[in-house]
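**Q** Pasting in a structure now, in structure tokens, and then I'll have a few things to ask.
The values are calculated or read from the model by the stated rules, or taken from the named source; none is laboratory data. Please read all numbers here as calculations on a predicted model, not as lab measurements. No Cβ is skipped: glycine too gets one built from the backbone with ideal geometry, and neighbour counts run over all protein chains shown.
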Amino acid sequence: MSDPHVCQIRSTTDSDGAAACLLDWGPVRALLAPPVVLATARDLAAAAAAAELDVAMVQALQEDLGADDQMLGLLVTMVRSRRPLPTTRAALRIEPIAGARTGQPYVHIGRGSMKGELSPDEAREMANVWTQVAVAAHIDVRLRHALRQWDRPDAGELEELFTLIQQEGP
């Protein structure tokens, strides 16, 4: 059984047999198109880098220029407002955070009622998994098609085969 607090994704197909990815996170269950999954992976990696940059900027402003908390808040807000916004839809709400109390970078994620906080390394790892799943979804569709053409396993055996493959992990 999967942990309801962990955001999980796996390759699957939609009702038409096209490549898709299934997101499971607590009560959230969503069927996603691979381009949305890839956009989410890109945004996770970008947020990890942005959070680290924000922390470095805050530290430099504090230590090297003696900026006070009010000035830091203003500068961080100004810098964030100038960052380009993603142009494609992502599956998660993603926000880079520079921890004010901890001085550590974080990436906040959310969808529906679910929320989480990742370190930049965890966000990058999640981005890698999401990229792999999006690619796997396309490969899985091709493999299913090829196996059906080969006419060896029946539909039930084919799904059993993919269940076994997915249980082996990414």
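**Q** Could you list, in sequence order, all residues of the range 6-45 that are closer than 19 Å to HIS108 by Cα, without any contact (Cβ under 8 Å) to a residue 40 or more places away in the chain and outside any strand (DSSP E or B)?
**A** The one that is closer than 19 Å to HIS108 by Cα, without any contact (Cβ under 8 Å) to a residue 40 or more places away in the chain and outside any strand (DSSP E or B): VAL6.
**Q** Taking PHE162 and the conditions (1) aromatic (Phe, Trp, Tyr); (2) at pLDDT 85 or above; (3) within 15 Å of THR13 (Cα to Cα), which numbered condition does it fall short on, given that it satisfies the others?
**A** Of the numbered conditions (1) aromatic (Phe, Trp, Tyr); (2) at pLDDT 85 or above; (3) within 15 Å of THR13 (Cα to Cα), the odd one out for PHE162 is (2).
**Q** Looking at this structure, is ALA18 closer than 16 Å to VAL133 by Cβ and exposed (fewer than 15 other Cβ atoms within 10 Å of the Cβ)?
**A** yes
**Q** Do you know which of the residues in the range 70-121 that are more than 26 Å from GLN8 (Cβ to Cβ) and among the basic types (Lys, Arg) is farthest from the chain's Cα centre (by Cα)?
**A** Of everything passing the filter in the range 70-121, ARG101 is farthest from the chain's Cα centre (by Cα).
**Q** What single numbered condition from (1) surrounded by fewer than 21 Cβ atoms within 10 Å (Cβ to Cβ); (2) under 13 Å from the mean Cα position of the chain (by Cα); (3) within 30 Å of ARG83 (Cβ to Cβ); (4) among the aliphatic types (A, V, I, L, M) fails to hold for ALA47?
**A** (1)
**Q** Determine whether the range 137-150 contains at least one residue that is assigned to a strand (DSSP E or B), touching a helix residue (DSSP H, G or I) at 6+ places or on another chain (Cβ under 7 Å) and not hydroxyl-bearing (Ser, Thr, Tyr).
**A** No, the conditions are met nowhere in the range 137-150.
**Q** Failed condition for SER11, given (1) modelled with pLDDT under 95; (2) out of contact with any Cys (no Cβ under 9 Å at 6 or more places or on another chain), with all others met?
**A** With (1) modelled with pLDDT under 95; (2) out of contact with any Cys (no Cβ under 9 Å at 6 or more places or on another chain) applied to SER11, the lone miss is (2).
**Q** So, one more: Of everything in the range 77-103 that's modelled with pLDDT of 85 or more and part of a loop (DSSP other than H, G, I, E, B), which residue is nearest to VAL58 (Cα to Cα)?
**A** Among those residues, the one meeting the criterion is GLY103.
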